[in-house]
1. E29 - would you say it is within 21 Å of the chain's Cα centre (by Cα), under 22 Å from E166 (Cβ atoms) and charged (D, E, K, R)?
2. Any residue at all in region 197-208 that is within 15 Å of K106 (Cα to Cα) and either touching a Ser or Thr at 6+ places or on another chain (Cβ under 9 Å) or without any contact (Cβ under 8 Å) to a residue 60 or more places away in the chain (or both)?
3. Restricting attention to region 65-83, does a residue exist that is of a type in the set (V, I, T), modelled with pLDDT of 95 or more and farther than 20 Å from F167 by Cα?
4. Does at least one position in region 174-189 carry a residue that is surrounded by 12 or more Cβ atoms within 10 Å (Cβ to Cβ), polar (S, T, N, Q) and at negative phi?
5. Within region 32-42, does at least one residue satisfy the condition of being in a helix (DSSP H, G or I), in contact with a Lys or Arg (Cβ under 9 Å, 6 or more places away or on another chain) and surrounded by 14 or more Cβ atoms within 10 Å (Cβ to Cβ)?
6. Would you check which residues across region 152-180 are touching a Gly at 6+ places or on another chain (Cβ under 9 Å) and under 20 Å from K110 (Cα atoms) and list them?
7. Only one residue in S131, S121, S90 is hydroxyl-bearing (S, T, Y), exposed (fewer than 14 other Cβ atoms within 10 Å of the Cβ) and either closer than 26 Å to M155 by Cβ or not assigned by TED's automatic domain parsing to the domain that holds K172 (or both), so which one is that?
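The values are calculated or read from the model by the stated rules, or taken from the named source; none is laboratory data. Computed from a predicted structure; not experimentally measured. In this analysis, Cβ positions are derived from the backbone assuming ideal geometry, glycine residues included, and neighbour counts consider all displayed protein chains.
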Amino acid sequence: MFDFLRKKKQLTKEEKFWNYFTKNKKSLEEFINSDLSDYTAYNNLTDEIHEFSELLFPEITQNNDGKYVLIITPDGKPSGIPHTEKLYNSKPEIENWIVEKFRQPKDELKFKYDGLEYPSSDIEILPELDSENEKINIRVFIRNMDLDKDKYQTMAWLYLDNILGEFNSITKIGYVDFFHLDEEKTVKDGISILELRKLIDKEIYKVK
């Protein structure tokens, strides 16, 4: 009796997002397997995740096992960490999909950004441990950076996020300064981004 007076349960923002994702996962799978000329499905997904938080972005791909992957990323913004955690922690089981929070660390990869392409080996780093704050300050030397500083630095951030892992790049890296490195030159005592990740593991996480 009086059931008609009961208010319909209001969905949370995270429930609304996951409902949308589950209902539209087929179109997202088709997008991943397409020639990527029509970004409608991805753009709609981005709009939906922005309804939850303007600080978050979705990245979708397929792994070597054929599973589809959704990465929830704050795109390097520390203020987006709590939003990432909240949305990730509310995720349901989604058939044939893996959901990850933050860009996960990879040993090596290649990027192409706005017509620019260079290997991670063109980046050399001088680290400085800040034990008190459990961070590492870095001077980043990028070969040929003066050709287009903005593009080269953006690419360097992509490498840092994806080789260190985005959570590490947000929370364990302190001050970052960028410097131009001439062609054929190297940095004395410089290390690679992968070696920087190992340094973070050793000095901050105390991994033996």
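1. Taking the combined requirement at face value, the residue does not satisfy it.
2. Yes, the conditions are met somewhere in region 197-208.
3. Checked against the condition, which is being of a type in the set (V, I, T), modelled with pLDDT of 95 or more and farther than 20 Å from F167 by Cα, region 65-83 yields no hits at all.
4. There is no residue in region 174-189 that is surrounded by 12 or more Cβ atoms within 10 Å (Cβ to Cβ), polar (S, T, N, Q) and at negative phi.
5. Checked region 32-42: no residue is in a helix (DSSP H, G or I), in contact with a Lys or Arg (Cβ under 9 Å, 6 or more places away or on another chain) and surrounded by 14 or more Cβ atoms within 10 Å (Cβ to Cβ).
6. Listed by number, the residues that qualify are W157, L160, D161, E166, S169.
7. On inspection, the qualifying residue turns out to be S121.
To keep it simple, each residue is scored yes or no on (1) not β-branched (V, I, T); (2) not in a loop (DSSP other than H, G, I, E, B).
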position	(1), (2)
L45	yes, yes
E51	yes, yes
I60	no, yes
V69	no, yes
P92	yes, no
I98	no, yes
R103	yes, no
E108	yes, no
